[in-house]
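Inspection log for the structure reproduced underneath, given as structure tokens.
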Amino acid sequence: MNSSISVSEFGSDNKRRVAKVKEFLDKNGLDMSSDVEVFVTIKDEDEMIACGGLAGKVLKCIAVDSSRRGQGLILKVVTHLLNAAFTRGTKELFLFSTPKNIKFFEDCGFRLIEECDGEVILMENSKNLAKYQAELSSLKKDGDVIGSIVMNANPFTLGHSYLIEEASKRSDWLHLFVVKEDASEFKFADRIRLIREGIKHLKNVTVHEGSDYIISKATFPTYFIKDKGQVNEIHAKLDLNVFRNQLAPYLGITHRFVGTEPYCKVTNNYNQNMKKILADPNGKSAPIEVVEIERIEFADQAISASRVRKLLNEKNYDELKNIVPPTTFEFLMKEII
Amino acid sequence: MKIINSAHAGTLESSDIYIQINPFKEDKIELELESSVEELYGDAIKELIIKTLEDMNVSFVHVKAQDKGAMDLVIKARLQAAVLRACESDPVWEEL
């Protein structure tokens, strides 16, 4: 190995160096990701020859200059990224990359979770997926129609409650997953509690805490930055492939229910991809039927969590009261005091 | 020696080994090894890791090792470095 090679680590606040990384990624056909907190770069003299980034518990933006491949530089990058993560107390990691790198990362202790469209891979260095799958298996219920819903419920509205009731009616058993990532306006603990209180009367529903494998910063990072309009279709597809191939089979899920989405482009796009990917008759695992349920309306406008947040902002509590269950309303009123 | 913190040593590069040490709730050595030469030397590497830890009087420990064909003295040195980083007490150099 050449002695002029140097490795450095810096934070995303170093705009000048981040710009250089972006340039390097561009040259290598990769996108910069706005959630990266720590970058690692390798230089030969003054020229960047490899880089990588750490975003929470996800390693991404890993690239090696095309003329320098085959020298094990990727191992150097991953070593430094692991050190950066461990130093910050993060041991269980995910990794985003492209399928041609699977072998390299396997040699770094990562296992493939899912590959999507030959474009992107998600890997992890723990055995948490297998543990989670075993946990799901133990919660499996028998029936012809095993429904599923994934929701953020930010916060829980009458729209959510209608969707769950409809899905519950049409299913022998319904598995309801609540997005666990604490990246939304309302905390996970509050979101799931309001759901539980709101659907107490339904007897065929299991409420699951979400996980790193369902709409998380690992499977679907752009979901949490959608307000900035950064939609990445490949992330949506990856998330859906993980759901279909890695989770649904362990619960025997046959259907997924989802509300129609009139406002949010990201969510609507996700719904369309859902039909394509989950229901595709050719796949690694059994297809899942996607059922879109028309949203209920109040005063000619669909009820949605984003509308609730808007009304909260406008302090329009009278109208708000009409579109959330009493439990949510009570909670919101306590919150604002 | 008592493992107090998590620590790591080594690299993922060829002929080296990357070792992570974590405190473990049971009085044992919990070892996870992946090696590029596992079929030939897997058992020997495990034996070496366990012997090194026992010599250092370390238990209640979880060790995760990613080996790239490191030689015995490298494995031992990386492991000792990681253990010393994970303990807050000073090493007894004569015994290493």
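The values are calculated or read from the model by the stated rules, or taken from the named source; none is laboratory data. Given the structure is predicted, the values throughout are model-derived calculations rather than measurements. No Cβ is skipped: glycine too gets one built from the backbone with ideal geometry, and neighbour counts run over all protein chains shown. All accessible areas refer to the heavy atoms of the entire protein, side chains included, with ligands and DNA or RNA removed. Shrake-Rupley method; radii C 1.70, N 1.55, O 1.52, S 1.80 Å.
Give the residues of the range B:65-85 that are within 14 Å of another protein chain (Cβ to nearest Cβ), under 22 Å from B:Glu26 (Cβ atoms) and out of contact with any His (no Cβ under 9 Å at 6 or more places or on another chain), sorted by residue number. Before the answer, list the steps.
Just the residues of the range B:65-85 that are within 14 Å of another protein chain (Cβ to nearest Cβ), to begin with: B:65-70, B:78, B:81-82, B:85.
The next check asks that each one be under 22 Å from B:Glu26 (Cβ atoms); those that pass are B:65, B:82, B:85.
Across the range B:65-85, the qualifying residue is only B:Ala65.
Residue by residue, here is whether (1) open to solvent by less than 40 Å² (accessible area, probe 1.4 Å); (2) modelled with pLDDT under 95; (3) not hydrophobic (A, V, I, L, M, F, W, C) holds:
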| site | (1), (2), (3) |
| --- | --- |
| A:Asp13 | no, no, yes |
| A:Asn28 | yes, yes, yes |
| A:Glu37 | no, no, yes |
| A:Ile42 | yes, no, no |
| A:Asp46 | no, yes, yes |
| A:Ser66 | no, yes, yes |
| A:Arg69 | no, yes, yes |
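Do the conditions hold for B:Met1, that is, is it away from every other protein chain (no Cβ under 14 Å) and closer than 23 Å to A:Asn83 by Cα? I'd like the intermediate steps shown before the answer.
Details: away from every other protein chain (no Cβ under 14 Å): yes; closer than 23 Å to A:Asn83 by Cα: no.
Against the criterion (away from every other protein chain (no Cβ under 14 Å) and closer than 23 Å to A:Asn83 by Cα), B:Met1 does not qualify.
From B:Arg78, B:Arg85, grab the single residue that is modelled with pLDDT under 95 and surrounded by 14 or more Cβ atoms within 10 Å (Cβ to Cβ). It would help to see each step written out before you state the result.
Working: B:Arg78 fails: modelled with pLDDT under 95.
Of B:Arg78, B:Arg85, the one residue that is modelled with pLDDT under 95 and surrounded by 14 or more Cβ atoms within 10 Å (Cβ to Cβ) is B:Arg85.
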Within the range A:82-94, restricting to residues that are crowded, with 16+ Cβ neighbours inside 10 Å and in a loop (DSSP other than H, G, I, E, B), the one that is nearest to the other protein chains (Cβ to nearest Cβ) is A:Lys91
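For the range A:266-337, which fully contained helices (runs of 4 or more DSSP H) count at least 2 residues that are crowded, with 17+ Cβ neighbours inside 10 Å?
Working: elements: A:305-313, A:317-320, A:326-336.
Correct list: A:305-313, A:326-336.
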Tally time: how many residues in the range B:16-55 are within 12 Å of chain A (Cβ to nearest Cβ), touching a helix residue (DSSP H, G or I) at 6+ places or on another chain (Cβ under 7 Å) and under 14 Å from B:Met71 (Cβ atoms)?
-> 3
Does the range A:131-152 contain at least one residue that is within 16 Å of A:Asn245 (Cα to Cα), within 14 Å of chain B (Cβ to nearest Cβ) and within 17 Å of the chain's Cα centre (by Cα)?
-> no
Give the residue, chosen from A:Phe96, A:Phe110, A:Phe105, that is in contact with a Lys or Arg (Cβ under 6 Å, 6 or more places away or on another chain) and either assigned by TED's automatic domain parsing to the domain that holds A:Phe243 or under 26 Å from A:Ala236 (Cβ atoms) (or both).
-> A:Phe96
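Results for (1) touching a residue at least 40 places away in the same chain (Cβ under 8 Å); (2) farther than 20 Å from B:Thr11 by Cβ, shown as yes or no for each residue.
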| residue | (1), (2) |
| --- | --- |
| A:Asp35 | yes, yes |
| A:Val38 | yes, no |
| A:Ile42 | no, no |
| A:Ala50 | no, no |
| A:Ser67 | no, yes |
| A:Gln71 | yes, no |
